[in-house]
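Q: Take this structure, written in structure tokens, and hold onto it; I'll ask about it next.
The values are calculated or read from the model by the stated rules, or taken from the named source; none is laboratory data. None of these values were measured; they are calculated from a predicted model. With ideal geometry, Cβ positions are generated from the backbone for all residues, glycine too; neighbour counts draw on all protein chains shown.
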Amino acid sequence: MLERLEPMPLDALEERAQRELSAGLAEVIKYGPIADMTFLGWIEENLEALVARQPQALAHAIRRSCEIKAWVVGQDEREAGLRAILNFGHTFGHAIEAGLGYGSWLHGEAVGCGMVMAATLSHKLGLVDAAFVKRLAALVARAGLPVSGPLLGADRYLELMRVDKKSEAGEIRFVLIDGPGRATTKAAADALVREVIDDCCR
């Protein structure tokens, strides 16, 4: 006899829906730092409308995200390198997902935190100032996303990131912010990455 499943309470369904919306917003937010600071400013001004699922705000966010993605892909149809910037936040994010076990954090939650960590690394490399990192972290937090990574240990983070698809011969390649609205991919010394993990994981 099949076990009768109890329906999920409405408040639990709403909480799940809100969490998934926040996770989706991470993939919208990323387009500002890598390509369009005007769009980032628009997200900051309209975040409450996005969180409230206002159709006009959501439609604009989705449309602009698709435009930026299409522009990036159009510049790099053969995946020679530029398209990798679409993975901003994903190197740290994938390590968080794998380290915790897939499903513990939603993908967008891990990416949101990963963007803060990648921006912090960008700052340590002298590519952006501290104000930029603070601005991005504040927006990620306002979207309902974590800004502090889990305590997996620096060795574990590095181990997981070395198997990331962007790594080359064991060298971790990060998508970094090369000035507001611009992104690049480059390696960073393990010691510097350890500093980021120490700073950003609680």
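Residues are listed down the side, and each one gets a yes or a no for (1) modelled with pLDDT under 85; (2) more than 16 Å from the chain's Cα centre (by Cα); (3) crowded, with 18+ Cβ neighbours inside 10 Å:
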{"residue": "3", "(1), (2), (3)": "yes, yes, no"}
{"residue": "8", "(1), (2), (3)": "yes, yes, no"}
{"residue": "20", "(1), (2), (3)": "no, no, no"}
{"residue": "40", "(1), (2), (3)": "no, no, yes"}
{"residue": "45", "(1), (2), (3)": "no, yes, no"}
{"residue": "54", "(1), (2), (3)": "no, yes, no"}
{"residue": "63", "(1), (2), (3)": "no, yes, no"}
{"residue": "77", "(1), (2), (3)": "yes, yes, no"}
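Q: A further question follows. Answer yes if at least one residue in segment 60-68 is touching a Phe, Trp or Tyr at 6+ places or on another chain (Cβ under 8 Å), in a helix (DSSP H, G or I), closer than 14 Å to residue 25 by Cα and free of Cβ contacts under 8 Å to residues at least 24 places away in the same chain, and no otherwise.
A: There is at least one residue in segment 60-68 that is touching a Phe, Trp or Tyr at 6+ places or on another chain (Cβ under 8 Å), in a helix (DSSP H, G or I), closer than 14 Å to residue 25 by Cα and free of Cβ contacts under 8 Å to residues at least 24 places away in the same chain.
Q: Based on this model, can you work out whether residue 111 counts as over 17 Å from residue 199 (Cβ atoms), among the β-branched types (Val, Ile, Thr) and touching a Leu at 6+ places or on another chain (Cβ under 9 Å)?
A: Details: over 17 Å from residue 199 (Cβ atoms): yes; among the β-branched types (Val, Ile, Thr): yes; touching a Leu at 6+ places or on another chain (Cβ under 9 Å): yes.
So residue 111 passes the test.
Q: Next up: Taking segment 153-192, which residues are buried (at least 18 other Cβ atoms within 10 Å of the Cβ) and over 30 Å from residue 71 (Cβ atoms)?
A: Hits for segment 153-192 are 157, 160.
Q: Cβ contacts < 8 Å: first residue within 30 Å of residue 15 (Cβ to Cβ) and touching a residue at least 60 places away in the same chain (Cβ under 8 Å), restricted to segment 103-130; second residue surrounded by 24 or more Cβ atoms within 10 Å (Cβ to Cβ) and among the acidic types (Asp, Glu), any location; separation 6+ or different chain. Result?
A: none
Q: Of the residues in segment 86-109, how many are of a type in the set (A, V, I, L, M, F, W, C) and assigned to a helix (DSSP H, G or I)? Outline the logic, then answer.
A: Applying the first criterion (of a type in the set (A, V, I, L, M, F, W, C)) to segment 86-109 yields 86, 88, 92, 95-96, 98, 100, 105-106.
After this cut, where a residue has to be assigned to a helix (DSSP H, G or I) as well, the list is 86, 92, 95-96, 98, 100.
The number of residues fulfilling the criteria is 6.
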